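Before any comments, here is the structure.
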């Protein structure tokens, strides 16, 4: 289910209080998401400019359970190597705050990344099958 809210939620998890948002510098919870990315050692996977802005070619998704960041997934968009499609996506990083919820958080992120990729007219997100 694709939807847009004041939080830029892109995936309805079906669970009250749980959502997946596309996040960047403008998102109110960006500092929390960046803190998790840093804690998990994934900062180098982000394509940030000198001022800390996320590249337009990269999408950062975050699962929120209430106000808490439960996980993140980052993918970049690049020209396709195949002639059947012009652009494709590649997972840059994936992480969860609590390993006990890893499978559930991964499923939310996989579905949301697939929905976002479709909305961007991308056929596939390479590396998504490794998110678990």
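Please give the contour-minus-distance gain from residue 38 to residue 50: 0.36 nm per residue of separation, less the Cα-Cα distance, rounded to one decimal in nm. Mind showing how you got there, number by number?
Working: separation 12, 0.36 × 12 = 4.32 nm, distance 1.69 nm.
Computed gain between residue 38 and residue 50 is 2.6 nm.
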* To do: Please build a GNM for the chain, connecting alpha carbons under 10 Å apart, and tell me which residue among 88, 50, 115 fluctuates the most.
  => 50
* Expressed in nm to one decimal, what extension gain is obtained for the pair residue 25 and residue 57 from 0.36 nm per residue of sequence separation less their Cα-Cα distance? -> 10.1 nm
* Rg to Rh ratio, the chain, alpha-carbon atoms and Kirkwood radius? -> 0.94
* In nm, to one decimal, how far is the modelled label at residue 68 from the one at residue 107, with both set 7 Å along Cα→Cβ? -> 1.9 nm
* Asked: Using alpha-carbon pairs under 8 Å, 6+ residues apart, how would you state the relative contact order of the chain in percent?
  -> 21 percent
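Values quoted throughout were computed directly from the atomic coordinates according to the rules given, and no laboratory measurement underlies them. Note that the coordinates shown come from a computational prediction; the quantities given were computed from them, not determined experimentally. Positions of Cβ are generated from backbone atoms using ideal geometry, with glycine treated the same way; all protein chains shown enter the neighbour counts.
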